[in-house]
Structures are given as C-alpha cells and as structure tokens.
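Participant: Starting off with a structure, shown below.
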Amino acid sequence: MSRTVKRGAQPPARRPVARRKPVRQPLIQRLLARIPVSEETVKRVATWGITGAGVVAVVAVATWIGIPGAIGAAAAEQVGRAGLRVEQIEITGLKRMDRMSVYAVALDQQSRAMPLVDLEAVRQKLLRYGWIKDAHVSRRLPDTLLVDIEEREPAAVWQDNGQLTLIDATGVLLEPVSADAIPDLPLVIGPGADRQEASYQQLLAAAPALKPRVKAATWIGNRRWDITFNSGEVLALPEDDAATALVKFAELDGARSLLGRGWLRFDMRDPAKLVARKPGASLAHSVPDDGTNPPAADAGAAGTGAAAGAAPTTGQEEG
C-alpha cells in the first residue's frame, strides 16, 4: 500500500520593497548653504544686482532707440529713491592728499542715483589734482562709490620768487611748502628748475659720493646748473657734459678734499680747468691736476661773494 506524501504549499512570493532615492537639493541651494552669510542676505544682494542690471539695460535700450534722456533720467531717479543711491564713499590709496578733497569731488553730482553717477567724469576731476597720478572709480551696489587713488611721490622742493612748492620727479606741482617745514628733499631753484627735475636727478646719480653733500641746485639762464654744497661752496657746471664735469670734481675732491676748506666758488664752465675763489679774494686760481694746492688767494677786504654756509639764492651769475 503506497503512501502519498503531501508537500507543504509554497509560501506566497514576497514583493520587492522599492528603495526611496535620497532627495537631492538643487545646486543653487547647496551653494548657498556653503556661503558664510545668511540666505536672506544673499537673496537681498542678488535682488539688488538683478535690479541694477535691469536698470542699466533699460537705460541702454532707451538711449539706443532714441527715447529722450529725461525719461531715462526719471527712471534712474526712481531707482535711486528705491535705494540705489550714493550714500557712502570708500577711498583707498591716499597717503598725503587731503581726503576731504576727494569726498567733495565724488559727491559733486547733479544726482546721486547710482545709474546717473558719471564715473569717468569723477575720475577726470580727480586727475586735476597734482597729487593724483591716476584714479579708478566704480560702484558697489546698493549705495557705495569706490575710489582707488594712485598718488605721486614727492621728489624735490622747487623755489621760485620766494615761493616753495613740492614737486614730483617729472616736475608736477604737488602743493605749497612753508619755509619752516621744508621736507628733507633736494632743493632746486630758479625759473624752469621744476621742469629740469628729472635731468637733475640723473646729474646727481653720476656722482653718488657728492649727492649727500649737495644742499641745492640753481638753474641758470635756462641752460646750466650751479650746485651749492652743505659746506657753502658753489660749483658752476658747464652747459654741455655737466655730468662729466661733476664726476671730475668728485674725483678732485676725493683726492684733495676741496669741500670744507674755505673756498667760496668753483668754476668748471671751461671743461679744461677748475677755477677756485676764496671769500674776499680779488683773484681766482686754477686748481692743478698734479695733486698740489693752488697759491693762496690775495686776502682783500671781506667779500664780494657770499660767505661759506650762506643760504642759496637765485641771484647767481649767468654764463
């Protein structure tokens, strides 16, 4: 007798459980989350940026199609009343120039609505000041003008008709200087000496050993220099090859210490010789190149020239 074995029924098949995919935030939200400012602030800045760009586009289109400027200006004024208006000026690069002068120029506008501020006009007004070599003016929405200044460097003091003026290396006038507050800079004297500042610096560079001993330089007859030393002597240089003559004088001074020995004036206008004069002397003596000293000058009555150590003036002889 056979047995029938009933196998248990197969359990019902399980339905696969669908896995939920992680919800990914949009790229913009992920980027905003990494910025170290509040989302509200970022949205506000973006709103101002879009608004400003829209205004610029509207004004540009209006100009292109010929809509009268008054309409564009009115639209810009509406934007200004909405918040895009100059309220702050940020200035960088100033070292010596008066800051209030820059503020005055930046705020001198027919309208302070941001779209109506003429940045190039502001820059050109700033360039009228001697101190300012260059300037960059830009907007930072919603309410700030940025002014970056490149100043000139003072290189010398120019004396003319008793007036002292600070100048740069190219002779640009920077500002007046009072006699009791002269900075430690080279002094150039006489009409046109300001325009010769660059060539004067090249002249001093030819004889660096003498440069610290130079007190002033007078531009004579609009063609040559008289150099005044701290010890009071005056050296008349020739019109041509002045640098060569100054180097020659530096060599002679190094060999026999001409400066600080009581001489009044040295004349090298003739490149072939150096002529020296002492205070009160009626004779000038040629200084030889053989290392010997010139004969003593005739000691006459005190002087026809300025005493050693006298301040430089513009009244040197021409020639």
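Participant: Between residues in the range 122-142 that are not assigned by TED's automatic domain parsing to the domain that holds residue 92 and residues that are surrounded by fewer than 16 Cβ atoms within 10 Å (Cβ to Cβ) and not aromatic (Phe, Trp, Tyr), which pairs lie under 7 Å by C-beta distance while being six or more apart or on different chains?
Facilitator: Cβ pairs passing all conditions: none.
Participant: If you don't mind, another one. Consider residue 145 against the criteria (1) modelled with pLDDT under 95; (2) surrounded by fewer than 17 Cβ atoms within 10 Å (Cβ to Cβ); (3) in the same structural domain as residue 92 (by TED's automatic domain parsing): it satisfies all of them except one. Which criterion is unmet?
Facilitator: (2)
Participant: Consider the range 152-198. How many of its residues are surrounded by fewer than 19 Cβ atoms within 10 Å (Cβ to Cβ), within 25 Å of residue 134 (Cβ to Cβ) and acidic (Asp, Glu)?
Facilitator: Total satisfying the criteria: 2.
Participant: Among 253, 267, which is the only one that is touching a Leu at 6+ places or on another chain (Cβ under 9 Å) and more than 20 Å from residue 212 (Cα to Cα)?
Facilitator: Testing whether each residue is touching a Leu at 6+ places or on another chain (Cβ under 9 Å) and more than 20 Å from residue 212 (Cα to Cα) leaves just 267.
Yes/no matrix, rows are residues, columns are (1) part of a strand (DSSP E or B); (2) more than 17 Å from residue 99 (Cα to Cα); (3) within 24 Å of the chain's Cα centre (by Cα):
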site	(1), (2), (3)
111	no, yes, no
115	no, yes, no
122	no, no, yes
128	no, no, yes
133	yes, no, yes
146	yes, no, yes
149	yes, no, yes
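The values are calculated or read from the model by the stated rules, or taken from the named source; none is laboratory data. This one's a predicted model, so the numbers in the text were calculated from it and none came from an experiment. Neighbour counts run over all protein chains shown; Cβ positions are idealised from the backbone, glycine included.
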